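Report on the following structure.
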Amino acid sequence: MTSQEIRQQFLDFFKSKEHLIVPSAPIVLKDDPTLMFSNSGMTQFKDYFLGYKEPKASRIADTQKCLRVSGKHNDLDDVGRDTYHHTMFEMLGNWSFGDYFKKEAIDWAWELLTEVYGIPKENLYVTIFEGDASENLDRDTEAYDFWKAHIDESRIINGNKKDNFWEMGASGPCGPCSEIHVDLRTDEEKAKVSGLELVNNDHPQVVEIWNLVFMQYNRKADGSLENLPAKHIDTGMGFERLCMALQHKESNYDTDVFTPLIAKVEELSGKKYTGILTDEKDIAIRVVVDHIRAVSFAIADGQLPSNNGAGYVIRRILRRGISYAYRFLGMKEAFLYQLVDVLKNQMGATFPEIVKQETLVTEVIKEEEISFLRTIENGLVRVQKLIEQTISKGEKVLPSEEVFELYDTYGFPDDLTRIIAEEKGLTIDEAGFEAELQKQKQRSKKDSAAKVYDWVVLEEKPETFVGYDKTENEVVITRYRKIENKDGEFYQIVLDNTPFYPEGGGQVGDKGSLENAVENIEVLETKKENNLIISLIKELPKDVSAVFYAKVNSADRRNSQANHSGTHLLHEALREVLGTHVEQKGSYVGPDYLRFDFSHFSKMNEEELALVEEKVNAKIKENIALQEFRNIPIQEALDKGAMALFGEKYGDNVRMIQFGSSKELCGGTHVKSTGEIGHFKLVSEASAAAGIRRIEAISGDKAQEYYQSLENQISELSQLLKSKDVLKSVEKLMEENHILKTELDAYKKEKAKGEISDWKNAYEQKGDKQLLVKKTSLDAASVKDIVFELKREIPNSVTVIISDADGKPMITVGVSADLEKTYQAGAIVKDLAKEIQGGGGGNPGFATAGGKNLDGLENAYQKALGL
């Protein structure tokens, strides 16, 4: 049975049990502050469990892309070193939202595994929650009784809270669970050791394949448990492990989920995969084929590699794969990007985003590979220098600070530093490195840590957003909670009919105020969390149950929505000018400017930029009226021609924004007609990442300010030049400047010739060398030319020039070729530069250093005389 057949049989089975089959949500999360990535099948249904949204059906089944590389659920370090851990994996799941509960979940799981998939019953074990006295939780005898109808009691195992009580996070829905484990060992192995002893003991052939979670509690912020309003079922079956069991393999990597990728790596690297767990070559191949899946789907879902947040996690995974391939497969050139085509052919039918985004994914990975391979090459030079310095001091341990700097600042893998050091008979200061790593983690934790208290509910009433139609209206606070972060103590509030737009879709959240006869409270920001629109304030009102008048900062809102509508017109213009391959890959919309990232593989030229700007402004002049379609079925919107963005999670009903031929699914605020934008001005175009360009632009008030500023500058220039024709006057000045510069260069050369003549006769014999130490005000270029001539003509010479051209301290050192083994210009200049609070470097024959302390030149001069 192929992996595609296995996946389809699961979906077909639950379809027959009246489940709605839904597609996987994006692997990247953009609207959940508690998670970067979907790390379990239930993530996309979180709002249903919390009661913030109504589920589209009471029974649902799907296969969900998941990523576990950070936080509580982190499998990264295990990947490649065993047969069943992965960064990205598929989670097959069936869900009940207040419908069926434990009996049906258990009955159907047993039916699917034993009757549909044909797994021998004697190969299965199940676990149940044994209870926890500290939380006053009883043993799950209900699940136990249901399991007894299918499996011998001796194969039902009590599990502790760690293994058999599933929690979404520090707070949120949770409950007891039953795990199903399969024993894939041979009969001979089973005769030696009972599978009962191996369940949950990390045996590679006795593994958990399915977890049935019985959601019945909610974990509050204070750690206490309360019953959920309705009981739910949340199951998750590891697709890769299921394939291993059904295809009778000893490793997930031996299934057809991975074998096509492994075959491609073998072809490209010339290395043969043998499946040995301890073989570094095989570990590297497993790491590469696992990591390419995670990185490819993350990019396809809209998360580009970067230096922070979720982007940093993706970059780290990719670099880990590149590093393993470099070290153990001998791959010194970019090659991982060639695996994307294989992945597309394998998984494109189930996950069409990898087909649509293939070009982008391939190009981004290729550019990241090329860049990081350069980092590795440069890092090797730095490591070699560090090793030489350590050996020269007679030491055997590389200092932790330098090793950590290589890792943290330059992105050089610490384990690669470790390997190179061991080859030279050295080690690294492991304890010191770990201490540096913990310091960094603590700094990051301190910057991001926030203590969040439980909600205080004042009124149980629906909270709605009225900001599309109003920017001012009466409100009451329905709930509030306190938060503490590095900036102090704040309160988050929820309003019954809020006009404040929450940050989302690239648009910043509204600011404003809450006013009544008693007080005026500033609203600092507005965000969305778990389908609640939350506004931030510094202090609670004196009377939290009072009626307030909510007022959005109208100027900021007006400018933000002008920029947001501008991005829609910009998107359409880019597709018209560059081609329909252009797709939005990110945006920022604020009151001051807009930023728009889009897929395109070359720098835009001036003609293209001018044409895009012209097209946007033409639409503004047409004063096209906004057509807004609220809460319409997503298919209807797509049929109307609306553009949906890959990586965005859309509901069954959506909002469509239309300005003429521009049609997009969008939840942001917009102008009533394009004429309100005023004017659109492109400010810059640059690379944002491999295959991604970034445009920044302004509109409305800021565009007017921009042109007014230009007019003022031209007016001031006209007055300074005493001419109305500024261009002609500037051209004349440039011509005069060129003449003066030519004359100045000629003067400098003459002066330098005089200096050379004097300096040649000023060398003094000091030991084994001729030494010249001179002060000058010559510019750096002239000094360099002189020093190179002197080191060629004066044998056994060391030349030190102390200069202060343009008020900047500079030290230049030259060493003739016959003395470079005895004296090194770089070492000399580094020592002298301390006197001017500077630094620099070069090679053994020539080096320079600049500094901050002009007064230190005399000390440097005296010190040089003692060489």
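The values are calculated or read from the model by the stated rules, or taken from the named source; none is laboratory data. It should be emphasised that the depicted structure is a prediction, and the values quoted were computed from it without experimental measurement. Cβ coordinates were reconstructed from backbone atoms using ideal geometry, including for glycine residues, and neighbour counts include every protein chain displayed.
Screening segment 449-469 for residues that are of a type in the set (D, E, K, R) and part of a loop (DSSP other than H, G, I, E, B) and picking the one that is surrounded by the most Cβ atoms within 10 Å (Cβ to Cβ) gives E463. Report yes if Q584 is surrounded by fewer than 20 Cβ atoms within 10 Å (Cβ to Cβ), modelled with pLDDT under 95 and not assigned by TED's automatic domain parsing to the domain that holds G467, otherwise no. No: the conditions fail for Q584.
Remark: R374 falls outside the filter, which requires a residue to be of a type outside the set (A, V, I, L, M, F, W, C), touching a residue at least 24 places away in the same chain (Cβ under 8 Å) and farther than 16 Å from V340 by Cα. Taken together, the residues in segment 270-287 that are part of a helix (DSSP H, G or I) and either in contact with a His (Cβ under 7 Å, 6 or more places away or on another chain) or more than 23 Å from S38 (Cβ to Cβ) (or both) amount to 6.
The set of residues in segment 563-589 being touching a residue at least 24 places away in the same chain (Cβ under 8 Å), within 25 Å of A625 (Cβ to Cβ) and not polar (S, T, N, Q) consists of H564, G566, H568, L569, L570, H571, E572, A573, L574, E576, V577, V589.
Kindly check whether there is at least one residue in segment 103-122 that is under 21 Å from A230 (Cα atoms) and among the polar types (S, T, N, Q). Scanning segment 103-122 turns up no residue that is under 21 Å from A230 (Cα atoms) and among the polar types (S, T, N, Q). In segment 131-223, counting only helices (runs of 4 or more DSSP H) that sit wholly within it, the ones holding 1 or more residues that are within 17 Å of K103 (Cβ to Cβ) and in contact with a strand residue (DSSP E or B) (Cβ under 9 Å, 6 or more places away or on another chain) span 141-148.
Taking the residues in segment 609-647 that are in contact with an Asp or Glu (Cβ under 9 Å, 6 or more places away or on another chain) and either acidic (D, E) or in a strand (DSSP E or B) (or both) as candidates, determine which candidate is surrounded by the most Cβ atoms within 10 Å (Cβ to Cβ). Among those that are in contact with an Asp or Glu (Cβ under 9 Å, 6 or more places away or on another chain) and either acidic (D, E) or in a strand (DSSP E or B) (or both), it is M643.
Quick check: is even one residue across segment 489-505 within 23 Å of F680 (Cα to Cα), part of a strand (DSSP E or B), in contact with a strand residue (DSSP E or B) (Cβ under 7 Å, 6 or more places away or on another chain) and not aliphatic (A, V, I, L, M)? Yes, segment 489-505 contains a residue that is within 23 Å of F680 (Cα to Cα), part of a strand (DSSP E or B), in contact with a strand residue (DSSP E or B) (Cβ under 7 Å, 6 or more places away or on another chain) and not aliphatic (A, V, I, L, M). In this structure, is A325 touching a residue at least 40 places away in the same chain (Cβ under 8 Å) and not in a helix (DSSP H, G or I)? When the stated conditions are applied, A325 does not pass them. Annotation note: of T848, T822, the sole residue that is within 41 Å of the chain's Cα centre (by Cα) and among the hydroxyl-bearing types (S, T, Y) is T848.
For segment 819-854, the set of residues classified as within 15 Å of K808 (Cβ to Cβ) and not in a helix (DSSP H, G or I) consists of Q837, G838, G839, G840, T848, A849, G850, G851, K852, N853, listed by residue number. Being surrounded by 11 or more Cβ atoms within 10 Å (Cβ to Cβ), in a helix (DSSP H, G or I) and either more than 47 Å from the chain's Cα centre (by Cα) or assigned by TED's automatic domain parsing to the domain that holds H600 (or both) is the requirement here; does K732 meet it? For K732, the condition - surrounded by 11 or more Cβ atoms within 10 Å (Cβ to Cβ), in a helix (DSSP H, G or I) and either more than 47 Å from the chain's Cα centre (by Cα) or assigned by TED's automatic domain parsing to the domain that holds H600 (or both) - is met. Which numbered condition trips up N252, out of (1) more than 19 Å from H86 (Cα to Cα); (2) of a type in the set (S, T, N, Q); (3) surrounded by 15 or more Cβ atoms within 10 Å (Cβ to Cβ)? Failing condition for N252: (1).
Identify the residue in segment 224-244 that is part of a strand (DSSP E or B) and of a type in the set (A, V, I, L, M, F, W, C) and, among all such residues, is nearest to Q64 (Cα to Cα).
Filtering first and then ranking leaves M237.
Against the list (1) surrounded by 15 or more Cβ atoms within 10 Å (Cβ to Cβ); (2) within 30 Å of L645 (Cα to Cα); (3) small (G, A, S), the condition A284 fails is (2).
For segment 594-606, does any single residue satisfy the condition of being of a type outside the set (A, V, I, L, M, F, W, C) and either in the same structural domain as E460 (by TED's automatic domain parsing) or touching a His at 6+ places or on another chain (Cβ under 8 Å) (or both)? Yes - at least one qualifying residue is present in segment 594-606.
The residues of segment 264-286 that are touching a residue at least 40 places away in the same chain (Cβ under 8 Å), over 25 Å from H181 (Cα atoms) and under 31 Å from the mean Cα position of the chain (by Cα), listed by number, are K264, V265, L268, S269, E280, K281, I283, A284, I285.
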